[in-house]
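Read the structure below first, then the notes.
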Amino acid sequence: MSYLFRYAWLSLCFALVGVQPTFALPSLTSTATSIASNLVLDGRGSASTHIIKVADIALTTDNSTGLSLFVSVGNITKPGGSSIAYEVTTVADGSAPPVASDFSSGNYTVSTSTSGQVNKDLYIKYTPATLQDPGNYSGAISLLVTDN
C-alpha cells in the first residue's frame with residue numbers, strides 16, 4: 001500500500017511540474033489616421049506649429065497592475081532635405097486635442113494601474129522650417145507595450 005501511495009504522489013508531482021501557468025501578454029493595436037500620410041509642411045516663407053492626430057491606439061492587459069506604453073520620437077525626413085523634429089503625446093480616445101505644452105520633448109511613456117482595455121489617440125507636434133524643402137518625407141513612430 002505504501003508503494004502505491006508513493007507512486008501516485010510522485011506521479012502527481014511530476015504532472016504538476018509540467019503544468020505551465022497561463023497568462024496573456026499585453027496587446028497593442030494601432031490604426032494610422034488618413035492625415036498621418038499627408039502632413040502639412042508649410043515652408044513657403046512661413047511656417048507654423050502643427051498638432052496632428054496620427055493614430056488610434058487600443059491597449060489591453062490582464063495584468064492587475066496595468067501596463068506601460070513607450071512611444072519613440074524622431075524626425076520626419078527626406079534624403080537630402082532638412083529634417084523636421086516631432087514630439088508625441090496621447091490623450092484618452094475622443095478627447096480634445098492636446099495643447100503644445102502637453103508634448104514630450106523626449107521619448108514618451110504613459111502607464112495604467114489596472115487591467116483591461118485603454119483606448120488612446122496619438123498626436124504629434126512639429127514645426128517645419130520657414131523654407132522647408134518640398135518633396136516626399138517619411139517618419140516612423142515606434143510603440144512598445146509592457147505589463148507593469
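Which residue, of Gly106, Gly94, Gly139, Gly135, is loosely packed, with under 13 Cβ neighbours inside 10 Å and under 19 Å from Val40 (Cα atoms)? Explain how you work it out, then say what you get.
Values: Gly106 fails: under 19 Å from Val40 (Cα atoms); Gly94 fails: under 19 Å from Val40 (Cα atoms); Gly139 fails: loosely packed, with under 13 Cβ neighbours inside 10 Å.
After ruling out the rest, the residue left standing is Gly135.
Taking the conditions (1) open to solvent by 30 Å² or more (accessible area, probe 1.4 Å); (2) modelled with pLDDT under 95; (3) more than 28 Å from Asp133 (Cα to Cα) in turn, Asn38 satisfies each one other than (3).
The set of residues from the range 90-110 being modelled with pLDDT of 95 or more and assigned to a strand (DSSP E or B) comprises Thr90, Val91, Ala92. Among residues of the range 101-117 that are farther than 23 Å from Asp147 by Cβ, those with a Cβ under 7 angstrom from a residue that is open to solvent by less than 30 Å² (accessible area, probe 1.4 Å) and assigned to a strand (DSSP E or B), sequence gap 6+ or separate chain, pair up as Asp102/Thr89; Phe103/Val88; Phe103/Thr89.
Return yes when Tyr86 is open to solvent by less than 50 Å² (accessible area, probe 1.4 Å), of a type in the set (Ser, Thr, Tyr) and either within 25 Å of Leu25 (Cβ to Cβ) or touching a His at 6+ places or on another chain (Cβ under 7 Å) (or both) and no when it is not. No, not satisfied.
In the range 111-132, the residue that is surrounded by the most Cβ atoms within 10 Å (Cβ to Cβ) out of those that are among the β-branched types (Val, Ile, Thr) and outside any loop (DSSP other than H, G, I, E, B) is Ile124.
The values are calculated or read from the model by the stated rules, or taken from the named source; none is laboratory data. Just so it is clear, the model here is predicted, and its values are computed rather than measured. Note that we place each Cβ from the backbone using ideal geometry, even for glycine, and neighbour counts take in every protein chain shown. Only protein heavy atoms, including side chains, enter the accessible area calculation; ligands, DNA and RNA are left aside. Shrake-Rupley method; radii C 1.70, N 1.55, O 1.52, S 1.80 Å.
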